[in-house]
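For reference, the structure discussed in these notes is given below.
Throughout, read-outs are computed from the coordinates displayed, never taken from laboratory work. All values reported here derive from a predicted model rather than from experimental measurement. We place every Cβ from the backbone using ideal geometry, glycine too, and count neighbours over all the protein chains shown.
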Number of protein chains: 2
Amino acid sequence: MRIAIDAMGGDHAPRAHVESALSAAAEWPDTHLILVGNPEVLQPLLGNGAPSNISIEAALEVIGSEDEPVKAVRRKTDSSMVVAGRMVKEGKADAMISAGNTGALMATGLLVVGRLSGIERPGLAAIFPTLDNKGILALDMGANMDAKPEHLVQYALMGSLYRSKVHGIDKPRVGLLNVGTEAAKGNELTKAAFGMLEEAPINFIGNIESRDVLAGNCDVIICDGFSGNIMLKAVEGAASTIFQLLREELTSTLTSKIAAAMLRPSFRRVRDRMDYNEYNGAPLLGVNGLVVKGHGSSDAKAMKTAIRQTRTAIGNGLIAALADEFSGK
Amino acid sequence: MRIAIDAMGGDHAPRAHVESALSAAAEWPDTHLILVGNPEVLQPLLGNGAPSNISIEAALEVIGSEDEPVKAVRRKTDSSMVVAGRMVKEGKADAMISAGNTGALMATGLLVVGRLSGIERPGLAAIFPTLDNKGILALDMGANMDAKPEHLVQYALMGSLYRSKVHGIDKPRVGLLNVGTEAAKGNELTKAAFGMLEEAPINFIGNIESRDVLAGNCDVIICDGFSGNIMLKAVEGAASTIFQLLREELTSTLTSKIAAAMLRPSFRRVRDRMDYNEYNGAPLLGVNGLVVKGHGSSDAKAMKTAIRQTRTAIGNGLIAALADEFSGK
């Protein structure tokens, strides 16, 4: 299988991407990793002894985090992100991974790779850490700001298929993000979607409140892109605020510094369990090829996690299964 | 000033409410506290030596957390919550505080106290803890699920007035909750509201992402009731998950138990700074009287905080100022 990596996107590009490709190439000889970017930058990082299952695909432009997504994708046709997308579109790669500009990646998915037939609106998924360490697949996290009830139903179907194909979960439990657990709760969108989800061929378990998402009560949670994005960033913000407060408090006296030093491994474990990088690799579901988003701050370890997930998705025929599910619908 | 307290609502009712009333009555002799509830329950808790600025108003029914809000308010006309609302409506109290069923309190505001003239939809506010300890007033947290742009503008005006009248903030900075900071970001609602907020007579500072809310970048943040509720509960859920993970990790070995014991005061301070009870007392803005929501888990200290805020709001003529702002609009 062939995976194109946008080697120039993300906070730690290109070094982390080259490192993760080297590590992945050694571990999975059946996988060909294509680093897309400027060869003059990538070749020196790769060195001379690069394994035969890594190659470089030249792309001389870069889409930055401040670029306006749609405009950048339309104009920067020789950017690492767009070239990687084109390789997927043209069948030169089975998947692409990027830790770059999220909006631009969604635009690449829509405009370069193209929508999957039968899908009205692709959805961006994210994996939230949960107390039971199984994580929860949440979508849409911001691809589609004004979702209709039928979009939520498609997210539910795609999310279920992803969890069963990539994570091996049998009959994934699907929840609807809402402000209360009762069926009649919510806004016009969730009220209309509730009944449609009950009829859909999924394991729908009802409404889930955002305070219970991290408890791991379901395997897939669906929502419109606006509230999903609000939830995602609220969890990130709360975690970073709490860790900052802990840092302040635990370094305020000599006693607390000593005790905090003794607890360093424990704190690290908590931070790791809340760390999105541990679950890196969120798919843009609903495009006609595998497009995977890595966290912007992905390091080499996180990128390798994304590669692992992508391999599983390719190996289990995710896109063919999705195409099959939605063809004729 | 006279404050009616729903003495039967909330997890720690009625004991915490009686305790907080006794403490408030001693501290503020100019304030008359009216405990609304079953006299047979309240009188023994109050004892014989109750001060003259505490009285009991009989109400024999109770609205529980599982009651359907509108139905409960319509049918349980002798409940502590509805009776307290009626006292505000009839001018027998200047404000009411309840830590009971949130939906029922909103219904009490709308159906018993009534809307403020000129306000289309009341909004439920909450105070989020922030790193700078000033807190942020966020509304709507769930009174109005399908808000229109003009509702958001009214929230901005009401929130600004509240922050300046109750918290003494000059020209409160108002942010719009959104998925990105650029003006063009968001869903149809926020895009339409953005331009109207720029025109409104407030200190509008633009879009704020949910990850930055706790950093204290603004004084008021406005949103529709659905996404506000998602954000509020996401922050609560993340905080409780992190503290639970810390508890697990810090009690896993003898060393970590000892070190954690040394750090107990630090942890308590962090928990207190993230604690909503420290900022207890969220107003339902837009009803024709002062209706204040206490957190369901309010203890006596938290209830006293709510009483303090309510006193300030009454003393500074909040409702008259709001009525003035919206009359003829």
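Quick rundown of the values:
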read-out: Convex hull volume of the protein assembly as shown per residue (C-alpha atoms, cubic angstrom); value: 170 Å³
read-out: In Hz, Karplus ³J(HN,Hα) per residue of the stretch B:2-15 (6.51, -1.76, 1.60; θ = phi - 60°; x = Gly, Pro); value: 10, 10, 8, 10, 5, 6, 9, x, x, 5, 10, 7, x, 4
read-out: Of A:K233/A:K301; A:K92/A:K134; A:K148/A:K304; A:K171/A:K191; A:K92/A:K148; A:K76/B:K233, those spanning more than 29 Å from alpha-carbon to alpha-carbon; value: A:K92/A:K134; A:K148/A:K304; A:K92/A:K148; A:K76/B:K233
read-out: Theoretical ellipticity at 222 nm over chain A - DSSP helices of four or more residues, -39500 (n - 2.57) apiece, nearest 500; value: -13500 deg cm²/dmol
read-out: Environment charge at A:G64 (Cβ cut-off 13 Å; Lys +1, Arg +1, Asp -1, Glu -1); value: -3
read-out: Dipole magnitude of the protein assembly as shown, debye to nearest 20 (Cβ charges: Lys/Arg +1, Asp/Glu -1, about Cα centre); value: 780 debye
read-out: Between the stretch B:109-129 and the stretch A:203-261, the Cα center-to-center distance that results, in Å; value: 29 Å
read-out: Number of partner chain Cβ atoms within 10 Å, mean per residue of A:242-250; value: 6
read-out: DSSP-assigned coil residues among trypsin sites (Lys or Arg not before Pro) in the stretch B:33-104, each with at most 16 further Cβ atoms within 10 Å; value: B:K92
read-out: Under-5 Å amide H pairs with A:G281, H placed in peptide plane, nonlocal only; value: A:H295
read-out: Separation between Cα centres of the stretch B:182-200 and the stretch A:1-61, rounded to whole Å; value: 41 Å
read-out: Prolate/oblate/rounded label for chain B (Cα gyration tensor, a/c 1.5); value: oblate
read-out: Net charge contributed by nearby residues that have their C-beta within less than 13 Å of B:I319 (K/R +1, D/E -1); value: 0
read-out: Volume per residue of the C-alpha convex hull in the stretch B:121-276, rounded to whole Å³; value: 109 Å³
read-out: Shielding by partners, peptide B:260-270 (average Cβ within 10 angstrom, other chains); value: 6
read-out: Summed side-chain charge close to B:N53 - residues other than B:N53 whose Cβ falls under 10 Å, Lys, Arg +1, Asp, Glu -1; value: 0
read-out: Mean Cβ neighbour count within 10 Å, used as a protection proxy, ranking A:253-265, B:242-254 highest first; value: B:242-254, A:253-265
read-out: Largest-first principal axis extents, alpha carbons of the stretch B:217-329, Å; value: 67, 29, 26
read-out: Positive-end residue of A:P265, A:A138, A:N187, charge dipole of the stretch A:121-276 with Cβ unit charges; value: A:P265
read-out: Cβ-placed point charges (K, R +1; D, E -1), dipole of the stretch B:121-276 about Cα centre in debye, nearest 20; value: 660 debye
read-out: For B:215-227, mean number of other protein chain Cβ atoms within 10 Å; value: 3
read-out: Aspartates and glutamates whose Cα lies under 17 Å from that of B:K185, excluding same-chain neighbours fewer than 8 positions away; value: A:E66, A:D67, A:E68, A:D140, A:D146, A:D224, B:E198, B:E209, B:D212, B:D224
read-out: Loop-located GluC sites (Glu not before Pro) in the stretch A:143-212 whose Cβ has at most 14 other Cβ within 10 Å (DSSP); value: A:E182
read-out: Across the identical copies, how the B:G296 labels are spaced - nm, sorted shortest first, 7 Å along Cα→Cβ; value: 3.5
